[in-house]
Amino acid sequence: MRCSGLAGAGLLMLALVGCGGSQVPPVQEAPVSTAEDAALPAPVLEQMETQPLRARAEAALREQRLHTPAGDNAVEYYLALREREPDAGVAAALAELQPYVLISSEQALGQQQLDEARRLIGLLARMDAHAPALPRLRESLRVAQEKADRDEGARIAEAAKPVVAPVATAAAPAPAAALPRAVPPGATLSAATPANATTSANVAPPPAPEPVAPKESTPPPTVVARAEPAPTALPRLLRDAAPRYPLAARNRRIEGSVQVAFTIQPDGSVTDVRTVSAQPEGLFEQAALAAAARWQFEATPRRVTTTRTLTFQLPPEPKG
């Protein structure tokens, strides 16, 4: 099957929905959820006819159910289609959806949502068993699961410890009354002086304190500002990837931009993609993140973190 809409990078997702026909289907409103729209069990999904299965996949794309919820998303429907008729349109749809699954897997790992991360990594493996990110994601999941198991074991051990009541201590005895001080021989005790007061006879006055030389004022410490090293030159971009234009924004003719931050690994791949700012918010972020995950830079001696702004612009409307 030929998918003619794949030539335009900005309209790739719309073309994927139209794979299988020469005309792009009209944009439809999201249907009201019914009992038939619920997630299908795997046996039912495998027995479904090709056309209803394709309709579910296209509806999931239009409604942005790319990889969630489990059992009712575009990725799983296209995977089921690929097992029946592995045509070019299905393969192109899965290639377009793969960066979204990759980014969501990293986000689930970062938020310690290990069950969701395990499901998404499994989807990614079904989409491409040789995906370069799979070994790294599986190792991150293994480390996170071991840490979660250790934390849970420590919590259970702490909860099982017996509670020991504190031992009561006896109150200390009150101090004895001060005894009268002995009067040295030859000293007289005046009547107005109590018995335990210090006598004045034959008692030398305390020595006068020695004058203390004033300390020299210490100057405040000097803070030496050291210049930060110059930023590392960015590696050269070897493979760019244009973001798809979201259907909702295209139909309403909305333009915008998204600034993304990401880390370039020593092999030139891009990881840790995240949104810094977006204008307007909530419309172009997912498309920008998916495009950034497909970028490839030249090899670099160390990791480099940087930002890049993606601008979404529509061509002018034809006159007349």
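A Förster distance of 25 Å, applied to the separation of the beta-carbon atoms of Ile254 and Ser277, puts the FRET efficiency at 0.90.
List residues of the range 268-289, by number, whose backbone nitrogen lies under 19 Å from a label position 7 Å along Cα→C-beta of Arg302. Within reach of a label on Arg302, which here means backbone N under 19 Å from a point 7 Å along Cα→Cβ, the range 268-289 contributes 268-272. In this simple spin-label approximation, Ala159 and Ala241 carry label points 7 Å from Cα along the Cα→Cβ vector, and these lie 4.2 nm apart.
Residue order by solvent-accessible surface for Lys319, Lys147 is Lys319, Lys147, largest first, with ligands and nucleic acids left out and a 1.4 Å probe.
The values are calculated or read from the model by the stated rules, or taken from the named source; none is laboratory data. Treat the numbers as computed from the prediction; the structure is a model and nothing was measured. All Cβ positions, even for glycine, are placed from backbone atoms using ideal geometry, and neighbour counts span all protein chains on display. SASA here: full protein model, heavy atoms, side chains in, ligands and nucleic acids out. Shrake-Rupley method; radii C 1.70, N 1.55, O 1.52, S 1.80 Å.
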